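Worksheet for the structure shown next.
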Amino acid sequence: MSSIKQLLSGGARQFGMLFALLALIIYFQIATGGRVLTPSNAQNLLNGNSYILILAIGMVLVIIAGHIDLSVGSVAAVTGIIVAIAIRDWGIPWWLGIVLGLCVGAVIGAWQGWWVAYVGIPGFITTLAGMMLFRGLNQFIGKSNTVPVPQELQTLGGGYLPEWGPNTGLNNSTLLLGVLAIGAVVWAEVRRRASARKLGAEPVPTSVAVTRVVLFGAVIAYLTYLYGSGRVGTSFPVPALVLVLLVVVYQFVASRTITGRHVYAVGGNRAAAALSGVNIKRTNFFVMMNMSILASLAGMIFIGRSTASGPFDGNMWELDAIAAVFIGGAAVSGGVGTVVGSVIGGLVMAVLNNGLQLMGVGSDMTQIIKGLVLLIAVAFDVYNKVQGRPSIIGLIFPSRRDKGTGAVTGADDAQPEVPVEAGATAAKG
């Protein structure tokens, strides 16, 4: 039993949402007669949901910091129409259009971040106003018309990695990506064991480490085969590659950088964070601005997949992103959540939606089921906290042992309440 816990790095509950995702895939694979785990469906699953998962990456940081952003769909829509018109009417190259879109997202994020961080208006109100403002701006700029985008942008939103080299039976770009991913798993395990020895701790037994590497490697190898063995001209989707890169970068930022720790600190206890020297205003500004930049990227990926920007783009996207974050284990009160958990939560919703469609379930029942899944997932997390157990995401995001005292601290740990003026920053001692 202890070996199993070591294999799972802390117990089965640590991977609660991941197990739920695997259970859904297996169920729908059986219920649909094997139509879920086919190359074309797997490719469409990522192609059709990458933009929501990108939104979830930014949204989890916003929610961890104790805010919420209702404007992301409208920001994505207004960015999409500006980029489409700029490329079509101004004659700028597609890559410059992408840079323009990211700059638009940065300006919008700075606007909303200023109201939240420096004026003190709650994020809910600020982004509710932004949702209406930028939705109207999208329709005003585009005159409620559809504007096509060039082929290069279509590749960004719905293309596949190219083929090259000898005939291996799989797409060579996807094969290379899979080999690199397996190499990363091996390197991470070696680094984990080396770090344990360096800190004077006893690493897990070699048999457990090897089994863990083999299991993860087998999953990656299967996914490589699944995405690389589709019809000619298809492979691992380009937007999914963008998503993977963002997950790696933002997981590192959230868990290994000062900025990420400040975001958790502000959401966990604003007063204690201020007394610790955290610049609360700068942190709030960062999470709001970052969210709008990612929303602009999601908008450009969407118009690339749909081949045009339209007046109804981005409708209700914010609700899908928020649902993904909470299903992934984030706390409503802030201070808890991970990037990986939010992406897994988004994939749970994506697989659920895809499987129900393949089974011929109507949109009405699909919405009912998705709503119940969201409610049950959050209720389960709340129940664990009431019982004194770590939340799902608190288990997925391992607790860190304080090097000085030996105490274990984690995202779910209670923090002392210290009265201090909201938004203040204590001087560093």
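The values are calculated or read from the model by the stated rules, or taken from the named source; none is laboratory data. These figures come from a predicted structure and were not determined experimentally. With ideal geometry, Cβ positions are generated from the backbone for all residues, glycine too; neighbour counts draw on all protein chains shown. Just so you know, the surface numbers come from the protein's heavy atoms only, side chains and all, with ligands and any DNA or RNA stripped out. Shrake-Rupley method; radii C 1.70, N 1.55, O 1.52, S 1.80 Å.
Below are the figures for this structure:
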{"quantity": "Qualifying residue in the stretch 127-149 (condition: in a loop (DSSP other than H, G, I, E, B) and small (Gly, Ala, Ser))", "calculated": "yes"}
{"quantity": "Residue 121 being free of Cβ contacts under 8 Å to residues at least 40 places away in the same chain and either crowded, with 21+ Cβ neighbours inside 10 Å or assigned to a loop (DSSP other than H, G, I, E, B) (or both)", "calculated": "yes"}
{"quantity": "Residue match in the stretch 17-40 (condition: in a helix (DSSP H, G or I), open to solvent by less than 10 Å² (accessible area, probe 1.4 Å) and either in contact with an Asp or Glu (Cβ under 8 Å, 6 or more places away or on another chain) or of a type in the set (Asp, Glu) (or both))", "calculated": "no"}
{"quantity": "Residue check, residue 331 surrounded by 22 or more Cβ atoms within 10 Å (Cβ to Cβ), among the small types (Gly, Ala, Ser) and under 13 Å from the mean Cα position of the chain (by Cα)", "calculated": "no"}
{"quantity": "Which numbered condition residue 250 fails, given (1) closer than 15 Å to residue 176 by Cβ; (2) touching a residue at least 12 places away in the same chain (Cβ under 8 Å)", "calculated": "(1)"}
{"quantity": "Residue count, the stretch 208-223 (criterion: touching a residue at least 24 places away in the same chain (Cβ under 8 Å) and either touching a Pro at 6+ places or on another chain (Cβ under 9 Å) or farther than 30 Å from residue 172 by Cα (or both))", "calculated": "1"}
{"quantity": "Residue among 349, 365 that is surrounded by 14 or more Cβ atoms within 10 Å (Cβ to Cβ) and either more than 15 Å from the chain's Cα centre (by Cα) or more than 21 Å from residue 34 (Cβ to Cβ) (or both)", "calculated": "349"}
